[in-house]
1. Compute the FRET efficiency between B:Ile142 and B:Glu279 as 1/(1 + (r/R0)^6), taking r as their Cβ-Cβ distance and R0 = 45 Å, and round to the nearest 0.05.
2. Does the range B:53-98 classify as rounded, prolate or oblate by the C-alpha gyration tensor (a ≥ b ≥ c root eigenvalues; a/c under 1.5 gives rounded; else a/b over b/c gives prolate, otherwise oblate)?
3. Hey, what number do you get for chain B at 222 nm if only DSSP H runs of n ≥ 4 count, each worth -39500 (n - 2.57), divided across all residues, to the nearest 500?
4. How big is the range B:310-388 in terms of Cα radius of gyration and Dmax, in angstroms?
5. Please arrange A:Ser398, A:Ser195 by how many other C-beta atoms lie within 10 Å of their C-beta, fewest to most.
6. Taking the Cβ-Cβ separation of B:Ile71 and A:Ala73 as r and a Förster radius of 60 Å, what is the calculated FRET efficiency to the nearest 0.05?
7. When only C-alpha pairs under 8 Å and at least 6 residues apart count, what is the relative contact order of the range B:310-388, in percent?
8. What whole-number value in cubic angstrom gives the convex hull volume per residue for the C-alpha atoms of the range A:58-169?
Amino acid sequence: MGSRGVYPHRRPFVSSGGFFFLLILVLIMGFFAGAPTPAFASSVLPSARSFGVVPQNPVETDAECLKCHKNQAMSTTWGILESDKVSLYVDPTAYNNTVHLEAGLACIGCHVGYKPESGHGNNFNSRREATLTMSDACGRCHGERQEEVMDGVHAEQIAAGNIAAAVCSDCHSPHTITRIKDKDNGLVSAATHFSIAKNCEKCHSAIYEKYSQSVHGQANIEQNNPDVPTCTNCHGAHNIEDPRTMAYRLRSPQICAKCHTNLDVMAKYGLSTEVMNTYVSDFHGTTVTIFEKVSPDAESNKPVCYDCHGIHDISRTDDPTKGLEIKQNLLKTCQKCHPDATANFPDSWTSHYIPDAEKYPSVYYINLFYQFFIPAVLGPMGILVLLDFGRSMLDKFSSPKRKTTSPKVNPMPKKKEEDNDGETK
Amino acid sequence: MAKPNKNTKLVPVKLYNRFNVVQRLQHFVFLVSFTLLGLTGLPQKYPLSPISVWLFAMLGGIETARLIHHISATIMIGVSGIHIIEVGYRLWVDRIHISMIPWVNDLQHVIHDIQYYFGYKKHKAYYGRYSYAEKMEYLALIWGTLVMAATGLMMWNPITTLRFLPGEVIPAAKAAHGGEAVLAVAAIIIWHFYHVHIKTFNKSMFTGKLNQHEMQHEHPAELALIESGEQQPPEVRLRTKVIRQIVFVPFAIFVFVATAASVYYIVWFENTAVAGLPEGETAPAFSPLPTPTLVVFEPTPMPRPASLTWAGWVGPMLNEKCSACHGADGVGGYEVLSKESSIRGGNAGPGFVAGNPAGSSVFAVQAEGDHPGQLTKDEIKYLTDWVNAGMP
């Protein structure tokens with residue numbers, strides 16, 4: 001029964017007039033929310049927001065600055081250290097090629113608060129203080145990036161008082177910076193990609209040293225191979241996480257898996273994409289996966305990829321001195337956590353192989369056995385249960401005549417081989 | 001024994017003893033450890049299932065789950081040892097009939113029941129003390145416990161195991177452990193639950209007793225035997241029984257000690273893995289390359305210019321050092337491109353005043369020491385001499 005005839009007096013919840021009013025209101029609000037705000041629209045700088053300063057004509061004001069700052073010998077000393085002697089030279093040719101000039105950013109776009117007198121009103125105690133102070137300027141256009149940086153380990157270090165930690169300009173020299181991303185596809189350009197490791201080396205030279213010897217580092221640095229990861233592929237660029245935390249450790253296999261489960265990339269090098277699956281289905285990987293899901297900050301000493309393969313010094317698995325395909329090397333690796341492990345021990349790890357008739361046949365055949373054995377046992381059990389259940393239901397709901405007969409058919413059985421004297425009871 | 005019901009005048013229901021308290025206790029301990037093993041074990045076989053993740057979260061993480069698993073396994077091994085002693089006692093001392101072993105008539109019963117299900121028989125097979133369903137389950141329990149204990153102990157003590165066996169047995173044991181676990185749990189749910197919980201709710205494993213009605217339905221052959229009085233084992237003399245008991249004691253001690261010792265060894269002996277975290281990165285994280293600092297040479301003493309005049313030294317020197325900023329349209333209104341503009345000065349006052357270095361703004365600015373185009377001490381000295389000489 002429809003309600004139409006039953007409640008003729010019922011009116012729509014919103015009248016037609018009200019409905020249209022609401023519709024118009026929603027449309028107007030949608031227009032404001034969705035429309036690009038002209039002040040922030042910038043086709044030139046997809047990643048940088050509008051400037052926080054009134055744009056100047058860079059050609060005019062920059063020429064004024066460069067009058068002095070194109071002088072290569074121009075320098076000043078901040079603080080008391082001779083090492084704090086700071087070059088004030090700006091290479092005009094390099095600056096002319098920067099993405100900043102392309103975007104129409106004048107010197108005073110960043111160097112705000114400029115004063116005309118010598119020193120421009122700056123009074124820093126050290127070269128580092130000048131850098132740290134100036135780096136605030138980046139956020140005026142690159143606010144999102146700076147927010148990411150604030151979440152990162154470098155900002156955390158600075159907040160803790162370690163002023164040596166990197167700020168924007170330590171990696172992106174603002175007077176020479178060219179486009180990081182390809183203008184056409186929006187991806188990090190090859191030139192940038194191959195410059196990243198060198199950039200990090202400025203502070204992490206010992207890590208770089210290791211990385212440059214690794215299978216990834218060699219391909220990156222010596223062969224400019226874009227398939228291998230550079231620093232930022234694993235650590236991120238701005239919101240760099242402290243890699244020494246438990247959370248990072250537990251999540252790290254997924255970082256490796258990003259590339260190592262990618263069929264297209266791995267096929268080029270004949271590498272298996274089953275490394276993650278086989279890891280997760282193994283004791284170590286199961287533990288780490290569950291830790292990551294249940295208690296991502298808790299400590300687990302079960303190995304993740306890098307505990308066996310190395311962190312920055314990852315080598316080929318067939319490397320004669322370190323490769324894990326060589327049993328002696330694998331045993332040494334096992335013994336790091338299993339000091340009592342004997343020569344047999346490494347074979348208990350199926351080495352990222354899915355067992356088959358050749359590799360780990362006993363595992364393969366046991367799995368195969370249970371594939372048949374389980375249904376072979378459960379099948380007949382299930383059939384007998386279903387038959388029993390079906391028959392009991394039939395008896396229960398069929399004609400009462402049949403129902404009454406069945407209990408009567410339940411006398412004391414006669415045992416063939418025995419006498420009948422028990423029957424009398 | 002039969003107990004008259006106070007409230008009704010129905011015929012009192014006769015009760016039959018089915019399981020004694022030791023058997024019931026064994027069942028209870030086994031069922032608890034089995035359940036815990038299943039709940040903590042299966043999620044390890046299927047770690048990615050949301051149910052597993054939820055279970056691990058409930059249990060307080062995978063390590064706790066493993067601890068519960070190990071404790072339950074120890075308990076199950078213990079109760080299995082006690083079962084061996086208990087069955088051994090009843091077989092050897094009481095000389096009971098081995099009624100749990102599947103036999104030909106069990107197969108006949110299965111066929112009979114199938115015929116009954118399809119209507120070819122009027123009743124089910126007359127089961128004895130244990131039906132084929134129970135025998136099947138007991139057989140599965142023995143087989144399952146053996147496989148699970150053997151493979152589980154291998155995985156628990158891999159290093160010890162691999163002293164005697166090739167490495168591959170560990171993943172093989174894991175495969176068998178997982179397969180057998182699925183089989184055991186599924187069999188319990190399909191077979192056990194159906195027969196003693198769904199078909200009828202058989203409480204005898206907790207109460208120890210079945211009533212006459214239940215006996216008639218489920219163990220008619222046994223009931224007949226009991227009622228016939230033939231079920232009782234032959235009476236033995238006390239002396240014989242005591243001798244049997246004495247003989248039995250070493251066996252019991254052996255099984256007990258063997259079980260206890262192996263459990264002790266399994267739990268405490270092998271140090272499979274270190275407790276701490278694996279060694280992390282050995283390279284220091286922050287090891288900066290030396291910053292390319294501005295090289296500042298201490299100037300070698302400058303020889304006095306041969307000709308201390310504007311054209312001979314002052315003009316070219318100022319042009320080289322200062323004109324970058326103070327060239328045409330120079331900073332601060334000061335230009336050094338010509339002698340006139342240099343002397344005239346800029347916003348800071350006259351550049352040079354003949355015979356009066358103190359009144360010359362160039363010296364005042366340079367005295368601050370950090371002018372972007374800072375002159376050397378020697379250059380200032382000779383420039384002062386030039387001013388004092390009247391700026392030739």
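1. On the way: r = 46 Å, r/R0 = 1.02.
According to the calculation, E is roughly 0.45.
2. Values: a/c = 8.09, a/b = 4.21, b/c = 1.92.
Judged from the Cα gyration tensor, the range B:53-98 comes out prolate (a/c at least 1.5, a/b above b/c).
3. Rounded to the nearest 500, it is -18000 deg cm²/dmol.
4. Just the Cα atoms of the range B:310-388 yield Rg and Dmax of 11.1, 28 Å.
5. Working: A:Ser398 11, A:Ser195 15.
With the sparsest Cβ surroundings first, the list reads A:Ser398, A:Ser195.
6. On the way: r = 78 Å, r/R0 = 1.29.
It comes to 0.20.
7. Reported relative contact order: 19 percent.
8. About 116 Å³ per residue, rounded to a whole number.
Readers should treat all values here as calculations from the given coordinates under stated rules, not as data from a laboratory. On a predicted model such as this, the values are computed, not experimentally measured, just so you know. Heads up, the Cβs are rebuilt from the backbone with ideal geometry, glycines too, and the neighbour counts pull from every protein chain shown.
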